[in-house]
1. Would you mind stating whether R38 is in a helix (DSSP H, G or I) and in contact with a Ser or Thr (Cβ under 7 Å, 6 or more places away or on another chain)?
2. Would a scan of the stretch 63-71 turn up a residue that is under 15 Å from the mean Cα position of the chain (by Cα), under 22 Å from E8 (Cα atoms) and buried (at least 19 other Cβ atoms within 10 Å of the Cβ)?
3. Can you confirm whether the stretch 95-104 contains a residue that is of a type outside the set (G, A, S), assigned to a strand (DSSP E or B) and either touching a residue at least 40 places away in the same chain (Cβ under 8 Å) or open to solvent by 20 Å² or more (accessible area, probe 1.4 Å) (or both)?
Amino acid sequence: MFNEDLWEAHKKESSEQRWEKRKQWRVRNNLDDGQIKRFAGPDDAPIESINDVLLMLSCGWEFYVKFQDEEYFITPNPWYSISDSWDDTLYESLDLDDFGENARIGEDGEFLLKDVANEVELA
């Protein structure tokens with residue numbers, strides 16, 4: 001079941017408005033659409049920082065990552081969230097910057113994703 005508060009806030013924006021906000025986030029952070037290509041080949045680039053995760057989310061990607069032998073699902077749909085293999089949501093937000101600052105990972109959500117992003121691998 002969705003977080004009702006997030007769902008109500010989410011419904012106030014159209015999908016076009018959400019895409020425009022993601023595009024503006026890339027502009028503010030000096031990232032362009034072409035930079036996503038480094039994660040889309042047979043030799044995926046490693047995740048080096050939280051900005052790599054945020055870049056993928058800003059391009060609408062949802063993906064699995066592996067951290068400490070566990071898999072986690074990260075998605076921008078319907079809002080930014082990270083969940084564990086049991087589908088327990090560890091963090092969710094409507095704001096990409098907030099997600100980058102506060103998203104949690106680990107068995108009990110004990111790590112800030114931004115602090116361990118360079119230890120996370122695409123799964």
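The values are calculated or read from the model by the stated rules, or taken from the named source; none is laboratory data. None of the values given here were measured: they were computed from a predicted structure. So basically every Cβ, Gly included, is an ideal-geometry build from the backbone, and we count neighbours across all protein chains shown. Heavy atoms of the whole protein, side chains included, go into the accessibility calculation; ligands, DNA and RNA do not. Shrake-Rupley method; radii C 1.70, N 1.55, O 1.52, S 1.80 Å.
1. Values: in a helix (DSSP H, G or I): yes; in contact with a Ser or Thr (Cβ under 7 Å, 6 or more places away or on another chain): no.
Judged against the criteria, R38 is not a match.
2. Let us first name the residues in the stretch 63-71 that are under 15 Å from the mean Cα position of the chain (by Cα), namely 63-67, 71.
Then keep just the ones that are under 22 Å from E8 (Cα atoms); that gives none.
No, there is no match, as no residue in the stretch 63-71 is under 15 Å from the mean Cα position of the chain (by Cα), under 22 Å from E8 (Cα atoms) and buried (at least 19 other Cβ atoms within 10 Å of the Cβ).
3. From the stretch 95-104, those of a type outside the set (G, A, S) are 95-99, 101-102, 104; that's our starting set.
After this cut, where a residue has to be assigned to a strand (DSSP E or B) as well, the list is 104.
Remaining after also requiring either touching a residue at least 40 places away in the same chain (Cβ under 8 Å) or open to solvent by 20 Å² or more (accessible area, probe 1.4 Å) (or both): 104.
Yes; the residues of the stretch 95-104 include at least one that is of a type outside the set (G, A, S), assigned to a strand (DSSP E or B) and either touching a residue at least 40 places away in the same chain (Cβ under 8 Å) or open to solvent by 20 Å² or more (accessible area, probe 1.4 Å) (or both).
Every residue, every condition in (1) modelled with pLDDT of 95 or more; (2) open to solvent by less than 80 Å² (accessible area, probe 1.4 Å), yes or no:
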site	(1), (2)
L31	no, yes
A40	no, yes
D43	no, no
T75	yes, yes
S81	yes, yes
S85	no, yes
A117	yes, yes
E121	no, no
